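The structure under discussion appears below in the form of structure tokens.
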Amino acid sequence: GRPQLYPLCGRGPRSSMRVLRHGLAVTEMAVSELPGKPNAVWTVKATMDSEFDRYIVVSFIDVTLVLSIGDTVEEVLDSGFLATAPSLLIQLMADDSYVQVHPTGIRHLLPRRTNEWRVPGQKRIVTAAANERQVVIALSGGEILYFEIDESHTLNEVAKRDMNYEVLCLAVQPVPENRQRASFMAVGGVDNTIRILSLERERPLKQLSAQALQSPAESVCLTEMKNLGQSEDVHSLFLSIGLSSGILIRSVVDFVTGTLSDQRSRFLGAKSVRLHRVSVQGMPGMLALSSKPWLCYNFQGKYHCTPMSYEQLEFASSFASEQCPEGFVAISGNTLRIISCERLGDLFNQTVMPLSYTPRRFVPLPPATLPSAGHGAGDPIMLALLEADHNAYNEETKREIRAALKKIRLTRAADDELDDVKDENDEEEDLPESQVGTFKAGEGKWGSCVRIVNPSSLSTVFKLDLDIDEAAVCLTVCYFSQLASQPCLVVGTVYNMTLYPRHAPKATIKTYMYDERYHLQLIHSTPLDDVPLCLFPFEGRLLASVGKNLRIYELGKRKLLRKCEYKNIPEGIMWMHVKGDKIYAADLRESFHIFRYRRTDNQLFVLSDDSAPRWMTCASVLDSITVAGADKFDNFFICRIPDEVRGDEGGDHTGLRLKADTAYLTGATPKLDHVVQFHVGDSITSLEKTTLSQGGSELICFSTLLGSVGAFYPFATRDEVDFFHHLEMFMRSERPPLCGRDHIMYRSYHYPVQNCIDGDMCEQFVNLPVDKQRLIASELDRTPAEITKKLEDMRNRLL
């Protein structure tokens, strides 16, 4: 249900298809079934100095299960924990004793004795929080009690306070370094507020600050983390609040006064957010569990809040053992799971499927029969993938060559045999092609196949190997008006094509039908007089760019029938899209052409074309009047159809009633308006208008030749444009590129940069020294925190 990216990577035997999912890759260490449905889990060490955890404590609705961690995980019955009641909190204290909070009291386990504190009257404990010296509990009815451990290892009640409303969640600040106790705690109640209370001896449980929320708080957490862009020793205390509406709010708590500032919020998922303090690489971090788990942590001086590619979890805790030095133990349904995240700092994790040849194009394949409401509506959509390699043999020829090579035995001289330690009878194993390469076949030789892939399991459903030296160059899925309910896969192929000059002795368009099992069956093959460059469905027919012509074909009994042709194309159309009554096309050499098809005359006309020649690599339609494209010289640009042709028919403007497209031939067609120009610095290989997260904003996602994935995001308001424009201006002067070249000159390499702001440049603001940050912020009438918040918000909108 979540958006994923499917890039085609590599070339030759090293090529692959990958799935990129937003989030950290998760390694599952162990999954074990539990006897019932647990509702909480904790891990505790034997002493404060222990490296690894000693117990996993799992709480059920009416019992508590204690598991000891060794080579295996097994149940222990003599741990001292109360097993006949559910647990609300398990905590290791500073004097190496354990505290267990259960609904009717607190059990304090010391090495030689166990103390029990009972709840007065008929009340029950609803929630609890603790650090290694302080314990806070909330009773039903809204009373809060605060305990401390004293020198004689006993829990003392220090203070109590009636909040006058039911308490939903509590959090206690971790004990700061070189301090005896923490100063703050947070309380969330049914009145939709979070209050910060003091834990200091002089004024225990005195309210210091409060924050109103839109919906009730599900959980709250106080963590001490390193500040963004600051030196190692500057820490901040963060208050994180998980709301029942699925939003995570994070504020900074002042270390002295306890006031809240610099609030940031982020939507995590449709479920309420549970927060759990964990440790990540020995530093404090936090797990936020909503409809998927999110990990908040500092890595390489930067704060990350990234989803984990894993199923929904209900409760989690840090875990450390000899087999898994750093991980998490979590519960999901009625299972206990031990998981770990290896590659921190990654934005995407990927799964890889190796391919035989260089992948060229792919299209989604709809199901063979249109699904009725009940049946097949959830079937996965398959992907049809074209692979072709020049100067290569197909699979069958390769097998024959290998078999022939194995039969050839080289005669060896006597001294060679001494060097060769290997026994001659050893069968030589095939070397992996991905490492040593493959046989070179020569010019005009091709290896190619059409592969149907199931994207959810990344498995090949069907593979069609093409003839020797036949290469597939373009494909599309078309619903022909003669077969309205049956989709056809149309593939353009060439035989013995040479790349320069681009010429093929024989070329065809092959039309395939497929069944529910996605097995392709050839209906017919249409011979062509030139190389097919691009195919696209058009009103129950097929648009085909063949050499320097644009044609419309209809499905016939024995082959496709040519119905219409446009001949005046400069070089050859490499990309097409149809939206409404317009055909958007990109010429290899001459940029965009917008066509209109006039049904009455059965003719195509150019409505508008580009004023600048461009060697196009890819393009995408943004809306009915706007197209985005990229060229071989690393430029990205957006063009818009001018107003005067939006209602125009195109064609002859001379008044002589000529049939030909005189306006285009005489250069009289209105030119496209350029809206955006930007030099990316890397050839863009694909553009896609999409959203990358549920409920996220629309953006243009792009991939590049050197293997990066990026995005162009449209600004929503004039104020944002103004702010980022000025920030970019200051960043240019304060952080010039290393090699001394002017940043604006680089971004304007071919065409002056226009209406596009370099986000990567703006994001370097957090890496500037503090004094420079303050200087830029004062110029923009803001604080450095407000600028980093704006940059963070911008990033969160994309992913």
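The values are calculated or read from the model by the stated rules, or taken from the named source; none is laboratory data. Model, not experiment: these values are computed from the prediction. Backbone-built Cβ (ideal geometry, glycine too); neighbour counts: all protein chains shown. What goes into the accessible areas is simple: the full protein's heavy atoms, side chains included, and nothing from ligands, DNA or RNA. Shrake-Rupley method; radii C 1.70, N 1.55, O 1.52, S 1.80 Å.
Observations on the model:
- Once the Cβ-Cβ distance of LYS160 and LEU483 is raised to the sixth power relative to R0 = 51 Å, the FRET efficiency obtained is 0.05.
- The packing ranking, built from the mean of other Cβ atoms within 10 Å per residue, places the peptides 380-389, 171-180 in the order 380-389, 171-180, highest first.
- Net length available on complete extension from THR72 to ALA403 is 114.1 nm, with 0.36 nm assigned per residue and the Cα-Cα distance removed.
- Selected from LEU208, HIS679, ASN131, residue furthest toward positive end of dipole (the chain; charges at beta carbon): HIS679
- Taking the helices alone, the chain has a mean residue ellipticity at 222 nm of -3000 deg cm²/dmol, built from -39,500 (n - 2.57) per DSSP H run of at least 4 residues and averaged over all its residues.
- Estimated inter-spin distance, ILE61 and LYS45, nm [label 7 Å along Cα→Cβ]: 3.6
- Here the accessible area is traced with a 1.4 Å probe on the protein chains. For the chain, carbon and sulfur cover 50 percent of it.
- Each peptide in 248-258, 774-784 was scored by the mean count of other Cβ atoms within 10 Å over its residues; highest first, the order is 248-258, 774-784.
- Sorting 28-39, 542-553 by average packing, meaning the other beta carbons within 10 Å per residue, from highest down gives 542-553, 28-39.
- Cβ-Cβ FRET estimate between GLU326 and GLN435, R0 fixed at 35 Å, reported to 0.05: 0.60
- Cα gyration tensor category, rounded, prolate or oblate, for the range 457-555 with a/c compared to 1.5: oblate
- Accessible area of PHE267 (1.4 Å probe, protein heavy atoms only, ligands and nucleic acids ignored): about 120 Å².
- Exposure of TYR55 as accessible area (Å², to 10), given a probe of 1.4 Å and all protein chains: 20
- Taking every protein chain into account, the 1.4 Å probe leaves LYS506 with about 110 Å² of accessible area, to the nearest ten.
- Sequence of SER291, SER97 when ordered by accessible area, the most exposed leading, probe 1.4 angstrom: SER291, SER97
- Qualifying aspartates and glutamates (Cα of each under 14 Å from Cα of LYS582; at least 8 residues distant if same chain): GLU539, ASP609, ASP623, ASP648, GLU649
- Heavy-atom SASA rank of CYS739, CYS762 (probe 1.4 Å, accessible area, largest first): CYS739, CYS762
- Of all lysines in the structure, the ones whose alpha carbon falls short of 27 Å from that of LYS407, not counting any fewer than 8 places away in one chain, are LYS398, LYS422, LYS440, LYS445.
- Rounded if a/c under 1.5, otherwise prolate or oblate - the chain, Cα gyration tensor axes: prolate
- Spacing of the two label points (7 Å from each Cα toward its C-beta) at ASP601 and VAL352, in nm: 5.5
- Helix 770-779 and the longest principal axis of the C-alpha atoms of the chain enclose an angle of approximately 70°.
- Selected from GLY105, ALA25, ALA46, residue furthest toward positive end of dipole (the range 1-118; charges at beta carbon): ALA25
- Extension gain, ARG795-LYS559: 0.36 nm per intervening residue step, less the Cα-Cα distance, totals 79.8 nm.
- A prolate overall shape is assigned to the range 1-159, the ratio a/c of its alpha-carbon gyration tensor axes (a ≥ b ≥ c) being 1.5 or greater and a/b exceeding b/c.
- Straight-distance crosslink candidates among lysines, where the alpha carbon sits under 29 Å from LYS292 and sequence neighbours closer than 8 are dropped: LYS37, LYS45, LYS226, LYS271, LYS302, LYS689, LYS789, LYS790
- Distance from the Cα centroid of the range 753-771 to that of the range 4-56 is 34 Å (rounded to whole angstrom).
- Think of the range 297-373 as a dipole: +1 on every Lys or Arg Cβ, -1 on every Asp or Glu Cβ, centred on the Cα centre; then among ALA316, VAL329, GLN300, GLN300 lies furthest on the positive end.
- Exposure rank, largest accessible area first [MET729, MET308; 1.4 Å]: MET729, MET308
- Extension gain, GLU177-ALA83: 0.36 nm per intervening residue step, less the Cα-Cα distance, totals 30.4 nm.
- Approximate spin-label separation ASP742-LEU344, in nm, with each point projected 7 Å along Cα-to-Cβ: 4.2
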